[in-house]
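First up is the structure itself, then whatever we jot down about it.
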């Protein structure tokens, strides 16, 4: 299936690892040029080299802290014109309502919640002015669940889900589509770290993480590439009738 992404430009935040890197590679496979943003320059350089070795596309990298307002504004200024924004940066820590300090909660939301919102607020009007563009917000299935031990993450994802719906409606008559993707557990470095911590707590052995429940209908975590395939499809013209849509991956 031709996705008609050849020659377009996409910005992927959190693009050096995990789901973000998988999205970058999937876009590159379709001929899409890339801007990758993350905190760590070394990780970005490795991601750029990996992509450049396999695909004939332009790859620009930006080591910046997207939890900072200036970092977000500087990134938008540096990348310039965009066809696709994939908001993916950020991981909100677990904990119940009394576990998390004000600073931890607010810092986590500065990156994933306000980071997504600010990036969209700066890029959405530019896309509307030119009459075309796609914004994909990678939130998380926790936003639709009652999760008292992940209350900051579940609440933050719920906010991003409704933000995506609202912005999708706002852009519907202006040629700009907005879609929210909600992955369930996905096989990233962070998930494996958390599963090992849980196995250490439950069994006294971090290597017994395979005995923990997968918390998914298929009995296993998703691969980052499986999330990326869905993200790239919805970023393409093949999903031209989809906006304000929320897609759950359970």
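Bear in mind that the values in this text are calculations on the coordinates, not laboratory data. Not measured: the values here are computed from a predicted model. Cβ: placed from backbone, ideal geometry, glycine included. Neighbour counts: every protein chain shown.
Before moving on, here are some points about what is shown:
- Build a GNM of the chain with springs between Cα atoms under 10 Å apart, and of 50, 229, 118 the one that fluctuates most is 50.
- Distance between the 7 Å Cα→Cβ label points at residue 205 and residue 225: 3.1 nm.
- Measure of compaction for the stretch 1-80 (Cα Rg per 2.2 N^0.38 Å): 1.05
- Helix 189-203 vs. the chain, principal-axis angle (Cα, 0 to 90°, nearest 10): 10 degrees
- Every helix of 4 or more DSSP H residues in the chain counts as -39500 (n - 2.57), and over all residues that averages to -15000 deg cm²/dmol at 222 nm.
- For the stretch 22-108: relative contact order, % (alpha-carbon pairs under 8 angstrom, 6 or more apart): 24 percent
- Backbone N within the stretch 139-175 under 18 Å of label point (7 Å from residue 240 Cα along the Cβ vector): 171-175
- Between helix 224-235 and the chain: long-axis angle, C-alpha atoms, 0 to 90°, nearest 10: 30 degrees
- Fully extended contour minus Cα-Cα distance, from residue 129 to residue 60, at 0.36 nm per residue: 22.4 nm
- The chain, relative contact order in percent, only Cα pairs under 8 angstrom and at least six apart counted: 19 percent
- For the residues 124, 203, 114, a GNM of the chain with alpha-carbon springs under 10 Å puts the largest fluctuation on 203.
- In whole percents, the pair-distance distribution calculated for the stretch 111-250 from its alpha-carbon pairs, binned every 10 Å from zero, is 12, 36, 31, 14, 6, 1.
- Structure remark: mean-square fluctuation, Gaussian network model of the chain, C-alpha springs under 10 Å; the largest value among 24, 158, 139 belongs to 158.
- Cα-based values for the chain, radius of gyration first and Dmax second, are 17.6, 57 Å.
- Nearest 10 degrees, 0 to 90: helix 151-171 Cα axis against the chain principal axis: 20 degrees
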